[in-house]
Amino acid sequence: MKTYLTIFSLSLMLLLQFSCKKDFLSKTDPTKVDQSLFYKDQTEIDQAIIGNYGLLQAVANNQWLFNEMVSDNTTFDFNPNDRGQADKMESFETWTYTAVNPNIATCYNLHYQNIYNINNTLYRMQNATLSDSLKKADEGQLKFMRAYLYFELVQYFGNVVVITQPLQQPSDAWNYSRKPVDSVYAQIESDLKAAASGLPARYSAANVGRATKGAALALLGKMYLTQKKYPEAVSTLSQVPALGYALATNYADVFNPVKKNGPESIFEIQYQGGNDLGEWSSFIYTFAPRLSKGFVTGFAQSNPGGWNTPTNDLINDYEANDNRKAASVGLDFVSPITGQVVPYIKKYQHPHTIYGRTDDDWPVLRYADVLLMLAEAINEKDGPTADAYTDLNLVRERAGLPDVSGLDQTAFRQKVFHERRVELAFENWRWFDLKRTMTADQLTAFLNAYGAREKATPTVPRQGIPSSPSDYQFQSFRALYPIPNNELIINKALGQNQGY
């Protein structure tokens, strides 16, 4: 979907639209598009949809904080000379985040800003000149995006505000209160069913990267799995293989920008590097070891962040001869200070021509994920059937591992959980998987055991500076993030999550 990259700025213009009163001070700003003059036909509706896709980049850019670093998958390259990030980014790894954390506020606001734009487009397009088939496909793309955003919000915050109509003025938002989790899922389900019925299975080359029927079904199946509605998950996910997806022969190819949107890709957030269009990604500059300079990025002037560092806990979870390990984790950088290896994520390390501007997309849904969800759902519904083994072993075979067999339901469940961790490492599903497969007590014990290991033997040496006594003390209420304090000041009806 390269065409949308050149007109991403349209969505930013939409945020600035307004209606003018007819007084002597009212003037028409030629730099802005008036809503009453836009959304007339398919071309303009498509431009608005493309702008909404572009806004997903902002959501994906820091999503690793909330989905990976908060889990046992990643940690950070400790910087003893800069402690300014302790309460902002390090707090996700150490479970010390609070309601005034600016990253949580940004996450919350970005999701609702995107939802606002989606709702506005859905509303305005009703008066546009569109064919019925194109209208269903357009609505399907927008409803898929809205469902994806709400699926993340409900995982992050629990009860959340649900808005499906455009706001006429900012103060209207103060009239909303949070809806129960079940109501949020009901809205997600409605959107995804509508999307699945209206979206095509495939697009032509110029439009590859847009949401498809497969994307809607895969996310709907993931929602059912999260709700432990196993029959519904099996029924929904079983429709995806018939849509023509296949595992890439080489695991590393899934993440190679040269082969993006390949046969395994169901939905990925699109980026474009190597130019001045402002649509590039830069994940490797954030993830590379802090003192690695150009060793990982390829540019000597680099000053990498050292964030989202693979933990020893994860690295040790790979089986012998698992080819996913070499494709996912770099173990070739040695710290010039400590003389020890500092691991880093390799999935987003690829050659690029301009400093800081990579071409890596962010994977959201892919076929391997669907196969593992199917295996899990079948096992929970009927036990480890032949179909469940087939789905699981397809993923293992691609990784160069032997098939598994002869497991009871509990052992099969544990094997799938292991496979999900190493197959989908650094793709922002670990936190949600932990929460949906464990009770509150189990999650608390599991994370505190990991925290004790990481605290005793840090993945990246802390150069003699010990962790704070409050670090790595997970409490069950932290399974949900706090509602940002600024939001509570604006709308006291929201209420705070327990424990904050």
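The values are calculated or read from the model by the stated rules, or taken from the named source; none is laboratory data. Keep in mind it's a predicted model, so treat the numbers as computed, not measured. Glycine also receives a Cβ, built like all others from the backbone with ideal geometry; neighbour counts cover every protein chain displayed.
Within the range 453-477, the set of residues being under 27 Å from the mean Cα position of the chain (by Cα) and among the small types (Gly, Ala, Ser) comprises 476 only. Quick check: is even one residue across the range 320-327 under 20 Å from residue 65 (Cβ atoms), touching a residue at least 60 places away in the same chain (Cβ under 8 Å) and not charged (D, E, K, R)? Checking the range 320-327: not a single residue is under 20 Å from residue 65 (Cβ atoms), touching a residue at least 60 places away in the same chain (Cβ under 8 Å) and not charged (D, E, K, R).
Per-residue answers, yes or no, for (1) among the β-branched types (Val, Ile, Thr); (2) in contact with a Phe, Trp or Tyr (Cβ under 7 Å, 6 or more places away or on another chain):
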position	(1), (2)
188	yes, yes
197	no, no
205	no, no
213	no, no
223	no, yes
231	no, no
237	no, no
254	yes, no
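Scanning the range 101-153 for residues that are among the aromatic types (Phe, Trp, Tyr) and more than 22 Å from the chain's Cα centre (by Cα) turns up just one, 123.
Considering only the range 334-349, state which residues are surrounded by fewer than 18 Cβ atoms within 10 Å (Cβ to Cβ) and either acidic (Asp, Glu) or in contact (Cβ under 8 Å) with a residue 12 or more places away in the chain (or both).
Restricting attention to the range 334-349, the residues satisfying the condition of being surrounded by fewer than 18 Cβ atoms within 10 Å (Cβ to Cβ) are 334-341.
Correct list: 335, 336, 337, 338, 340.
Looking only at residues of the range 410-440 that are acidic (Asp, Glu) and out of contact with any strand residue (DSSP E or B) (no Cβ under 7 Å at 6 or more places or on another chain), we find that the one that is surrounded by the fewest Cβ atoms within 10 Å (Cβ to Cβ) is 433. Checked against (1) more than 24 Å from residue 452 (Cβ to Cβ); (2) surrounded by fewer than 17 Cβ atoms within 10 Å (Cβ to Cβ), residue 104 meets all criteria but (2). Residues that are under 27 Å from residue 356 (Cβ atoms), in contact with a strand residue (DSSP E or B) (Cβ under 9 Å, 6 or more places away or on another chain), touching a residue at least 24 places away in the same chain (Cβ under 8 Å) and part of a loop (DSSP other than H, G, I, E, B) within the range 236-277 comprise 260, 261, 270, 271, 272, 273, 274, 275, listed in sequence order. Is at least one residue of the range 291-303 in contact with a helix residue (DSSP H, G or I) (Cβ under 7 Å, 6 or more places away or on another chain) and in contact (Cβ under 8 Å) with a residue 60 or more places away in the chain? No, the range 291-303 contains no residue that is in contact with a helix residue (DSSP H, G or I) (Cβ under 7 Å, 6 or more places away or on another chain) and in contact (Cβ under 8 Å) with a residue 60 or more places away in the chain.
Does residue 211 qualify as being touching a residue at least 60 places away in the same chain (Cβ under 8 Å), in a helix (DSSP H, G or I), buried (at least 19 other Cβ atoms within 10 Å of the Cβ) and among the aliphatic types (A, V, I, L, M)? It would help to see each step written out before you state the result.
Values: touching a residue at least 60 places away in the same chain (Cβ under 8 Å): yes; in a helix (DSSP H, G or I): no; buried (at least 19 other Cβ atoms within 10 Å of the Cβ): yes; among the aliphatic types (A, V, I, L, M): yes.
For residue 211, the condition - touching a residue at least 60 places away in the same chain (Cβ under 8 Å), in a helix (DSSP H, G or I), buried (at least 19 other Cβ atoms within 10 Å of the Cβ) and among the aliphatic types (A, V, I, L, M) - is not met.
Output the residues belonging to the range 57-71 that are touching a helix residue (DSSP H, G or I) at 6+ places or on another chain (Cβ under 7 Å), over 22 Å from residue 313 (Cβ atoms) and part of a helix (DSSP H, G or I). Answer for the range 57-71, where residues must be touching a helix residue (DSSP H, G or I) at 6+ places or on another chain (Cβ under 7 Å), over 22 Å from residue 313 (Cβ atoms) and part of a helix (DSSP H, G or I): 58, 59.
When only residues in the range 355-372 that are within 17 Å of the chain's Cα centre (by Cα) and assigned to a helix (DSSP H, G or I) count, which is farthest from residue 286 (Cα to Cα)? Only one residue tops the list, namely 370. All conditions but one from (1) within 28 Å of residue 308 (Cα to Cα); (2) in contact (Cβ under 8 Å) with a residue 60 or more places away in the chain; (3) part of a helix (DSSP H, G or I) apply to residue 352; the one that does not is (3). For the range 117-136, the set of residues classified as under 24 Å from residue 60 (Cα atoms) and touching a residue at least 60 places away in the same chain (Cβ under 8 Å) consists of 117, 118, 120, 121, listed by residue number.
Among the residues of the range 465-479, those that are outside any helix (DSSP H, G or I) and under 13 Å from residue 441 (Cβ atoms) comprise 474, 475. Within the range 355-396, the residues that satisfy the criterion of being closer than 30 Å to residue 300 by Cβ and in contact (Cβ under 8 Å) with a residue 60 or more places away in the chain are 356, 357, 358, 359, 360, 361, 362, 363. Only one of the listed residues (43, 96) is over 25 Å from residue 362 (Cβ atoms), at pLDDT 95 or above and hydroxyl-bearing (Ser, Thr, Tyr). That residue is 96.
Quick check: anything in the range 440-459 assigned to a loop (DSSP other than H, G, I, E, B), hydrophobic (A, V, I, L, M, F, W, C) and in contact (Cβ under 8 Å) with a residue 40 or more places away in the chain? Before the answer, list the steps.
First pass over the range 440-459, keeping only residues assigned to a loop (DSSP other than H, G, I, E, B): 457-459.
From what's left, hydrophobic (A, V, I, L, M, F, W, C): none.
No, there is no match, as no residue in the range 440-459 is assigned to a loop (DSSP other than H, G, I, E, B), hydrophobic (A, V, I, L, M, F, W, C) and in contact (Cβ under 8 Å) with a residue 40 or more places away in the chain.
Of the listed requirements (1) assigned to a loop (DSSP other than H, G, I, E, B); (2) at pLDDT below 95, residue 206 misses just one: (1).
Within the range 214-229, track down each residue that is basic (Lys, Arg) and part of a helix (DSSP H, G or I).
Looking only at the range 214-229, we keep the residues that are basic (Lys, Arg), and these are 222, 228-229.
Of everything in the range 214-229, just one residue is basic (Lys, Arg) and part of a helix (DSSP H, G or I), namely 222.
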